[in-house]
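The values are calculated or read from the model by the stated rules, or taken from the named source; none is laboratory data. As the structure is a prediction and not an experimental result, all values here were calculated from the model. Neighbour counts run over all protein chains shown; Cβ positions are idealised from the backbone, glycine included. Each accessible area value is taken on the protein alone, full model and side chains, heavy atoms only, with ligands, DNA and RNA left out. Shrake-Rupley method; radii C 1.70, N 1.55, O 1.52, S 1.80 Å.
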Amino acid sequence: MIRLGILSFAHLHAEAYVENLRALPDVELIGIADDNVERGRYFAQQFGVRLFDSYAALLAEKPDGVCVCSENARHLPLVQMAAEAGAHVLCEKPLATTLEDAQAIVRVCDDAGVRLMTAFPMRFGAPALEIKKLVDAGGLGHIYGCNATNQGALPEFHQAANLAFLKRDWFVNKALAGGGAIADHLVHLADLLRWYLRSEVTEVFASANQIMHAGRVQVETGGLAMLTFANGTFASIDCSWSKPAYYPTWGGLKLELVAEKGLATMDAFKQTMSVYSHSVGRPVWSYWGSDANQGMIDEFVAAIREGRSPSITGHDGLRAVEIVVAAYQSIESGQPVKLS
Amino acid sequence: MFKVGIIGSGFMGATHATAWAQTLAQVAGICSLDRASADALAAQTGGRVYDNIDALLAAVDVVDICSPTHLHHEMALRAAAAGKHIICEKPLARTYAQAREMVEACASAGVKLLVAHVVRFFPEYAQAKAIVERGEIGRVAVVRLTRCAYQPRLSANNWFLDPAKSGGLILDLMIHDFDYARWVAGDVVSVYARSVRGRQPDAPEDYSLAILRHADGALSNIEGAWAYPPPMFRTALEIAGDAGLIEHPADSSVPLGIYLKASEAGGTPDVGLPMSPMLEDPYVAEIKHFYAVLTDEAVTPRVTAEDGAAALRIALAASESARTGRHVMIEEVLA
């Protein structure tokens with residue numbers, strides 16, 4: 001039996017992970033802890049799971065691993081506590097809001113001899129895996145470029161219920177999130193493309209604005225980035241929070257690879273049906289495709305059980321943070337930024 | 001009767017000729033280096049074939065320049081000197097200096113210079129612009145435009161593939177969306193672009209992505225390809241504002257799907273592509289509008305010579321960025 005806990009419900013993915021962990025027959029969710037006491041109580045009751053008084057109390061139970069779902073800027077202290085307690089770590093993305101923190105997260109896990117996985121669930125999406133197979137089989141040949149979007153609604157809207165302590169407004173707080181749309185939505189595609197291309201990003205250009213939700217939030221809400229990879233492929237990523245609150249779904253992730261041998265397109269969350277309910281009053285796209293989070297949690301658990309490195313590591317998380325940091329440098333300077 | 005002379009008898013010359021037939025104007029002359037296609041077009045329109053431009057100019061009220069891009073400048077200057085109005089295919093010219101000279105020559109000669117940015121006449125693009133103008137999505141924040149096709153194929157003399165003549169993918173194809181982005185989001189101040197041929201000029205195909213920054217802070221992502229598998233051609237548009245969103249993804253509004261079984265002889269059907277038919281072709285709408293502008297002083301042109309020059313300037317900035325890897329300020333483009 002693999003024993004796991006969840007540290008913080010600041011990130012909404014924590015809610016999904018509860019179900020994902022419970023879906024596995026040989027995994028025990030020993031409990032959760034949250035520095036937001038009201039929030040911890042709420043979710044402990046909702047999911048019928050044990051609530052620990054503190055992160056230390058949960059870790060004192062010697063779990064095999066933990067999922068760290070705190071605010072981006074608060075990953076490091078929780079990862080450090082977990083590593084020191086000998087627990088393997090699945091850390092939400094982005095790994096950190098600064099390069100120094102991301103490096104420290106990798107280092108404390110290495111020093112403690114625990115495995116660190118970065119939560120990049122897109123690598124486990126069924127459509128994304130088909131593209132990976134096609135690319136690996138050489139079906140596209142050299143990939144010239146990629147036009148990609150990972151847009152969403154303003155994350156303030158990602159709220160489980162209309163309760164003040166459940167408000168996820170830290171997503172639009174620069175200090176806690178590391179920025180706005182760029183910090184939130186650049187990393188999934190950056191990671192997916194590193195994985196597809198087996199090549200590192202050598203240059204980043206980014207431009208951002210605060211036209212949407214101006215006055216409501218103090219961070220960038222519109223963002224376009226162009227990544228250039230060592231193999232010559234270039235990719236533009238639209239990470240804007242440009243979907244209205246009443247959009248039929250939370251947002252989406254799409255990419256288009258234009259290549260020597262043709263074209264491949266992916267709309268990762270296209271497997272939906274349109275639902276028109278009087279009670280909602282607007283169309284809703286109800287997703288029925290496979291759950292990528294489940295694949296990611298399965299891999300984290302398998303890596304712990306088999307005593308091996310997970311397929312996505314802290315190194316992958318660190319590379320993604322480097323790209324985000326470079327994007328903010330580019331926005332600041334107006335020039336493309338080289339990565340070594 | 002208002003007389004039109006068409007210069008060039010390739011695909012665009014023929015398309016314009018067909019469109020002129022739906023106005024009260026008469027296609028009085030055709031001038032082309034390719035005598036066979038010029039004769040065919042003359043037979044269709046009833047006009048005469050002229051061997052040289054000056055003779056054509058003497059016989060018409062307006063010239064419609066549908067020649068390869070690098071020839072626009074000289075032809076337009078001759079037409080302006082002859083006091084003839086000009087319709088010019090996009091891009092307005094091959095260089096910005098040429099475009100400026102054309103704009104100024106036409107202004108001093110008192111002739112109109114109308115640039116055929118036909119995308120402004122495509123109903124979905126015109127409608128999205130109208131929605132933005134009505135304020136329905138608020139202030140524009142992020143624009144996304146896609147125009148992807150396979151490499152142009154001409155049996156002989158494929159000037160599209162000679163960057164000295166056409167300017168390549170960025171000037172020939174992406175300019176449509178540079179113009180449209182500027183139309184909906186305002187003047188562009190800088191461009192960062194990547195393209196396959198920007199770094200490898202002898203690459204067999206081209207693909208490009210460009211990020212535009214507009215004067216009021218809006219951003220545009222422009223995608224262009226001459227690398228799709230034939231016969232694929234896709235366009236898409238998305239405009240996000242601070243009070244709403246317009247989405248028009250590729251293939252989203254195709255009303256027909258006609259998929260015929262192969263004939264018993266084993267051939268493949270001629271028509272296998274999705275179709276989006278219109279009662280009025282956008283090229284016809286464009287030419288009718290130009291006819292109205294030329295014959296009625298009260299009609300304001302939907303696209304001006306300055307618009308054509310501005311779109312070219314963005315495209316040249318994108319080319320420069322793709323070649324050098326720099327973030328290029330639009331004001332740097334002087335030639």
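Between A:LYS338 and B:GLU332, what's the calculated FRET efficiency when r is the beta-carbon distance and R0 is 22 Å? Round to 0.05. Before the final figure, lay out each step's value.
Values: r = 21 Å, r/R0 = 0.98.
In this case the efficiency is close to 0.55.
Give me the number: length gained by fully extending A:VAL280 to A:GLU19, i.e. 0.36 nm times residue separation minus the C-alpha to C-alpha distance, one decimal in nm.
Working: separation 261, 0.36 × 261 = 93.96 nm, distance 2.50 nm.
Between A:VAL280 and A:GLU19, full extension yields an extra 91.5 nm.
Leaving out ligands and nucleic acids, and using a 1.4 Å probe, what accessible area per residue does region B:52-147 come to in Å²? Intermediate results must be reported in sequence, preceding the final value.
Values: 3150 Å² over 96 residues.
About 33 Å² of surface per residue is accessible.
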Treating only the Cβ of Lys, Arg, Asp and Glu as charged (+1, +1, -1, -1), what charge dipole size does region B:3-119 show about its Cα centre? Round to the nearest 20 debye. 160 debye
Can you sort A:ILE331, B:ILE330 by solvent-accessible area, 1.4 Å probe, largest first? A:ILE331, B:ILE330
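Please identify the longest segment of chain B free of exposed chymotrypsin sites (Phe, Trp or Tyr not before Pro), where exposed means a DSSP state other than H, G, I, E or B and no more than 14 other Cβ atoms within 10 Å. Write out the running numbers ahead of the final one.
Numbers: sites that count: B:PHE233, B:TYR259.
With a cap of 14 other Cβ atoms within 10 Å, the longest stretch comes to B:1-232.
Between B:SER253 and B:GLU124, what length in nm is gained on full extension when 0.36 nm per residue of separation is reduced by their alpha carbon distance?
Values: separation 129, 0.36 × 129 = 46.44 nm, distance 0.97 nm.
Net length gain for the segment: 45.5 nm.
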Just give the residues from region A:217-257 buried by at least 40 square angstrom of accessible area in the all-chains context relative to the isolated chain, probe 1.4 Å, and say none if nothing qualifies. A:LEU224, A:MET226, A:PHE234, A:GLU256
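Am I reading the A/B interface right? What is its buried accessible area, both sides, 1.4 Å probe, to the nearest 100 Å²? Don't skip to the answer; put the middle values down first.
Details: alone 14490 and 15460 Å², together 26900 Å².
The buried area between A and B, both sides summed, comes to about 3100 Å².
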Straight-distance crosslink candidates among lysines, where the alpha carbon sits under 27 Å from B:LYS129 and sequence neighbours closer than 8 are dropped: A:LYS243, A:LYS254, B:LYS90, B:LYS112, B:LYS288
For region A:255-263, in residue order, the Karplus 3J(HN,Hα) values (coefficients 6.51, -1.76, 1.60; θ = phi - 60°; whole Hz; Gly and Pro = x) are 8, 9, 9, 9, 9, 3, 9, x, 10
Say the dipole of the protein assembly as shown comes from +1 at the beta carbon of Lys and Arg and -1 at that of Asp and Glu; which of B:VAL196, A:ILE331, B:PRO255 then lies farthest toward its positive end? B:PRO255
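Just flag the trypsin sites (Lys or Arg not before Pro) in region B:96-137 sitting in loop per DSSP whose Cβ has no more than 11 other Cβ atoms within 10 Å.
Answer in residue order: B:ARG134.
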Would you work out which of B:THR18, B:VAL103, B:ALA82 lies farthest towards the positive end of the dipole of region B:3-119? Charges go on Cβ: Lys and Arg +1, Asp and Glu -1. B:VAL103
Calculate one ³J(HN,Hα) per residue across region A:29-43 by plugging θ = phi - 60° into the Karplus curve 6.51 cos²θ - 1.76 cosθ + 1.60, and present them in order as whole Hz with x for glycine and proline. 7, 6, x, 10, 9, 8, 6, 8, 4, 4, 5, x, 4, 4, 6
Beyond 34 Å, how much of the Cα-Cα pair distribution for chain B remains, as a whole percent? 25 percent
Testing the spin-label approximation: label points 7 Å from Cα along Cα→Cβ at B:GLU74 and A:ASP267. State their distance in nm. 4.9 nm
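Just from its helices, what would the mean residue ellipticity at 222 nm be for chain B, if runs of 4 or more DSSP H residues each count -39500 (n - 2.57) and the sum is divided by every residue, rounded to the nearest 500 deg cm²/dmol? Show your work: numbers first, answer last.
Details: 12 runs with 121 residues, N = 335.
One gets -10500 deg cm²/dmol as the mean residue ellipticity at 222 nm.
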Here, B:THR300 and B:ASP162, labelled 7 Å along Cα→Cβ, have an inter-label distance in nm of 4.1 nm
About the Cα centre, charge dipole magnitude for chain A (Lys/Arg +1, Asp/Glu -1 at Cβ), debye: 520 debye
Chain A: calculated mean residue ellipticity at 222 nm from DSSP helix runs of at least 4, using -39500 (n - 2.57): -10500 deg cm²/dmol
Separation of the B:ARG35 and B:GLN200 label points, Cα + 7 Å toward Cβ, nm: 4.3 nm
What list of ³J(HN,Hα) values in whole Hz, one per residue of region A:83-95 in order, does the Karplus curve 6.51 cos²θ - 1.76 cosθ + 1.60 (θ = phi - 60°) give from phi, with Gly and Pro shown as x? 4, 5, 8, x, 9, 5, 10, 9, 10, 4, 8, x, 3
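Within chain B, what whole-number % of the accessible surface is contributed by carbon and sulfur, with the 1.4 Å probe and all protein chains included in the calculation?
Working: 7620 of 13970 Å².
C and S fraction of accessible area: 55 percent.
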Total charge dipole magnitude, the protein assembly as shown, about the Cα centre, Cβ charges on Lys, Arg, Asp, Glu only, Debye to nearest 20: 240 debye
For A:LYS93, counting only aspartates and glutamates whose alpha-carbon sits under 14 Å away and dropping same-chain residues fewer than eight positions off, the answer is A:GLU71, A:ASP101, A:ASP184, A:ASP191, A:ASP316, A:GLU322
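Rounded to the nearest 0.05, what FRET efficiency is calculated for A:HIS315 and A:ASN162 with R0 set to 41 Å and r the Cβ-Cβ distance? Please list the in-between numbers first.
Numbers: r = 40 Å, r/R0 = 0.97.
It comes out at approximately 0.55.
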Mind listing which trypsin sites (Lys or Arg not before Pro) in region B:148-187 are in a DSSP loop and have 16 or fewer other Cβ atoms within 10 Å? B:ARG153
Given the C-alpha centroids of region A:234-250 and region B:164-213, what is the distance between them in whole angstrom? 23 Å
